[in-house]
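Chemist: Supplied in structure tokens, the structure appears directly below.
The values are calculated or read from the model by the stated rules, or taken from the named source; none is laboratory data. The structure presented is a predicted model; accordingly, all values stated were derived computationally and were not measured. Here the Cβ positions follow ideal geometry from the backbone for every residue, glycine too, while neighbour counts run over all protein chains shown.
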């Protein structure tokens with residue numbers, strides 16, 4: 001992994017074999033990033049996508065072992081219990097250009113992954129939400145500017 005920070009932006013290139021989530025968490029930790037927006041594209045393998053079942057309060061996961069294009073990934077960096085938390089959604093496409101999308105649980109870089117991070121001015125903390133069963137952003141009161 002190689003990256004460069006410019007003020008409130010990070011440009012990163014992940015390399016073959018890099019773990020996507022671990023690499024981004026490492027950048028967030030090194031750079032003191034408490035919140036931000038992530039976008040990425042490239043090629044990945046051994047990926048796991050999922051979708052959340054609100055009634056059961058659990059994810060259904062699908063494993064994609066082969067190399068696939070990461071056509072688009074968007075998400076956020078926040079903090080959960082003091083450590084970096086990556087929340088990424090992705091669209092993967094196979095060799096026939098069939099697309100699969102969902103919550104990106106894990107992936108390894110196949111060739112390269114280009115990542116852009118826009119850093120928030122402050123920390124975005126996640127806290128448990130009983131209704132959904134998820135850890136959600138704590139951003140302020142309703143209507144707070």
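Chemist: Taking the stated definitions as given, is residue 135 under 12 Å from residue 73 (Cβ atoms), in a strand (DSSP E or B) and either modelled with pLDDT under 95 or touching a helix residue (DSSP H, G or I) at 6+ places or on another chain (Cβ under 7 Å) (or both)?
Modeler: no
Chemist: Quick check on my filter: what residues within the range 40-87 are in contact (Cβ under 8 Å) with a residue 60 or more places away in the chain, closer than 14 Å to residue 109 by Cα and within 13 Å of the chain's Cα centre (by Cα)?
Modeler: The answer is 40, 41, 47.
Chemist: How many residues, within the range 70-111, are exposed (fewer than 14 other Cβ atoms within 10 Å of the Cβ) and over 28 Å from residue 139 (Cβ atoms)?
Modeler: 7
Chemist: Let me ask you something else. If residue 96 satisfies every condition in (1) under 15 Å from the mean Cα position of the chain (by Cα); (2) without any contact (Cβ under 8 Å) to a residue 40 or more places away in the chain but one, which is the exception?
Modeler: Failed condition: (1).
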